[in-house]
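Take a look at the structure below.
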Amino acid sequence: MWMRKKPYLTDAIIGNSKMLASITKDGQLQRLTWPAIDFPQHVNRFYTGVQLSGPDSETDFLHEKGWEYRQVYEENTNILVTNGFNSELGIEVTQKDFIVPGKDVFVRDYSIMNHSASARNLSFVVYSDFMVDDRKRYNTVLYNFSEDCLIHYFRQYAFAVGSSREAAQYQCGNAWEAAKVNHLNGNQIMNKTDGALSWDLGLLRPGEQVHFPLFIAAGADIGEAASVLSTAKEAGAEELSMITASYWEDFLKQAKKMNIENEQVKKIYNRSLLTFKLLNNEATGAFIAGPEVDEDYDYSGGYAYCWGRDAAYIATAADKAGYHDLVSTFYYSTVTTQREDGAWEHRFNSDGVLAPTWGIQIDECGSILWGIHHHYMLTKDEEFLKTIWPAVEKGADFLHSYIDPETNLPYPSNDLWEKRNGEHTYSSAAVYGGLKGAAELARIRNKGTLAEKWDETANLIKKTIEERCWNEETGTYLRALKLAVDKVKYEEAKSTGKAVLMEENQKGYKTFRLMEDPVVDICLLGLSVPFNMIDAEDERMEKTAETIEKLLTSPVVGGIERFPGDVYIGGNPWILTTLWLAQYNVIIGKFEEAREYLNWAVKHANHLGLLPEQIDKNTGEPAWVMPLTWSHAMFVLTVIALDEAGELNK
């Protein structure tokens, strides 16, 4: 019994906003979360394969060597089709994966065709290793005779695995070696995580095809899981597939009508909208940054959480695309996660429970208020404004109080990349945007005194940025004031005459700071896009964008990197940073350049139209987290910006 290390990069996701599955291009199930899209995760290994009868024959599992794959989503749906062909066996297996909307059912529907010149006697084998609740201890697996299925369970989670076809063999516990040779021992129950089932498919003549439906049903206990499985088997895979396809097609019909002539752009645009829904918690409305890829925190702090910053961009993209109800539900969820003092913590689980955190990031507080204002101005939903107003007032009052009197910028916090502590210009712009948006909502609600107070604070932030944060040497705005550094860097800066600061807390611990951070960073575009603190056509802003493009364009594969010397996952160009510059170019009328950056993103989508976080700077392949919801948000925002400018299809 061992916990398998999951791959960091997966190729596809399916789900229903309650259950989420990650799948690789070989059709292998890698992760399955339920009853929420972010937690808990339950699958260790789940392998399916075919066995040809004969002496010493073994199971050919579909993820193993010998198979060639093609993979697509059915058009306008989140139904994934993986086709595998094994030339040595002469067998083709088409696997259709989908999770049924409104039901706790994952369907894996197989069609198996014999392309060889001789008849084949086939069995279908499933090896099912559920470490329920991501635990290798305390699990039980049992064979349920009445539903002819395996049931894996731990505490309040149970998963039933079975088919509408009658199984020929079963085994509970220590089943991997038995599954490989398809000799299962009939052990009915064991305190283990794994088990296996097999089915006799009969004789398959040359050119013939057989259909095999497999269901994974979830429930709060073994009885409920078995009942959900029974209902799924009764409905049948074909009927459930039609229900699922219709649901996703109807979802896309709710979007604002767009005339997108380029078929690849259209494909990724629609895939982005479908991805928003998959990575949105249906119960709470929270958007997560991406499906989890790094649960052990090997290279990151995890991705299956709701950040206020990412979610504000995602919600704005969904809003502009026409999904106003989805966005209202998200912002209502921020009311429940807001602190008593009006702030929002770093990030949350999608059910609203505080997630692992490493300190407040003030840009997120500003981004939420900015997004709420944007949503109201788009919808003019008076009921929404009435409901959300107390959270807006508390949030804006917190931002008003969270200002360093020495600089008139927000007090030091972590930056948007979660790398540095300081008074960041991007964070300041987000706070400016949040305060300005809150002030406008206050005026709509006849709260003139509050509007004046918040406007005044926002204007002081802007004044500092304009007067203290321009760096003539780099031709950009400073990235931060009061940047926290280690003592060595502090002493080096001090010895060369640079302005420094040392702070000491009540326990005597010291923080060393440089008064200025001159590093060129793509996030400086946030001063203009989206927070509109500095006019996009301002001479300094245009010079900043030109410097960013010059210094941060990745030399081999193109695209825009975050900042010089970035080491995260190798320091690659990101999809969202590249599209950030595209959006800025739309505003200043550089439409051809904007389209080129959009086309770069299209070129670097994966075979299914999903966008990763990063593109490997040498190979051009996806490098980290796929899909990243923020990448898809920036794609949608760029397409809509070009469309509104009348420049999308030129």
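Using R0 = 22 Å, the C-beta based FRET efficiency linking residue 556 and residue 607 works out to 0.55. In the stretch 1-129, inverting the average of 1/r over every pair of distinct C-alpha atoms gives 15.6 Å as the Kirkwood radius.
For the chain, the longest principal axis of the C-alpha atoms and the axis of helix 382-401 are separated by about 60°.
Between the C-alpha center of the stretch 1-18 and that of the stretch 92-134 there is a gap of 17 Å.
In whole Å, how far is the Cα centre of the stretch 460-512 from that of the stretch 298-371? Comparing the Cα centres of the stretch 460-512 and the stretch 298-371, I get a distance of 29 Å. The structure shown yields Cα extents along the principal axes in Å, and of the options [x] 82, 55, 54; [y] 195, 66, 49; [z] 82, 52, 46 that calculated value carries the label [x]. The stretch between residue 504 and residue 254, if pulled fully straight at 0.36 nm per residue, gains 84.5 nm over its current Cα-Cα span.
Rounded to the nearest 0.05, the FRET efficiency derived from the C-beta distance between residue 593 and residue 397 at R0 = 45 Å is 0.65. The peptide list 534-543, 457-466, 495-504, 6-15, put in order of mean Cβ contacts within 10 Å with the highest first, becomes 6-15, 457-466, 534-543, 495-504. Show that you can apply the helix-only estimate: for the chain, add -39,500 (n - 2.57) for every DSSP H stretch of four or more residues, divide by all residues, and state [θ] at 222 nm to the nearest 500. Roughly -11500 deg cm²/dmol at 222 nm, from the helical runs in the chain. Qualifying trypsin sites (Lys or Arg not before Pro) in the stretch 311-412, where qualification requires a DSSP coil assignment and no more than 16 other C-beta atoms within 10 Å, comprise 339, 380.
Take each of the peptides 200-208, 585-593, 289-297, average the number of other beta-carbon atoms within 10 Å over its residues, and list them starting from the highest.
Listed from highest to lowest mean packing, they are 289-297, 585-593, 200-208.
Give me the distance between the Cα centres of the stretch 568-583 and the stretch 382-411, rounded to whole Å. The distance from the Cα centre of the stretch 568-583 to that of the stretch 382-411 comes to 30 Å.
Among the GluC sites (Glu not before Pro) within the stretch 332-377, those in coil by DSSP and having at most 11 neighbouring Cβ atoms inside 10 Å are 340.
Can you tell me the orientation of helix 362-379 relative to the chain, as the angle in degrees between its alpha-carbon axis and the longest Cα principal axis, to the nearest 10? On a 0 to 90 degree scale, this one is about 80.
For the chain, take the longest principal axis of its alpha carbons; what is the angle in degrees between that and the long axis of helix 263-278, to the nearest 10 within 0 to 90? So the helix axis and the longest Cα principal axis differ by about 90 degrees.
Show me 133-141, 623-631, 512-520 ranked by packing, highest mean number of other Cβ atoms within 10 Å first.
Answer by packing, highest mean first, reads 623-631, 512-520, 133-141.
Just so you know, all these numbers are worked out from the coordinates, no wet-lab data involved. Predicted, not measured: the structure shown is a model, and the values here were computed from it. Positions of Cβ are generated from backbone atoms using ideal geometry, with glycine treated the same way; all protein chains shown enter the neighbour counts.
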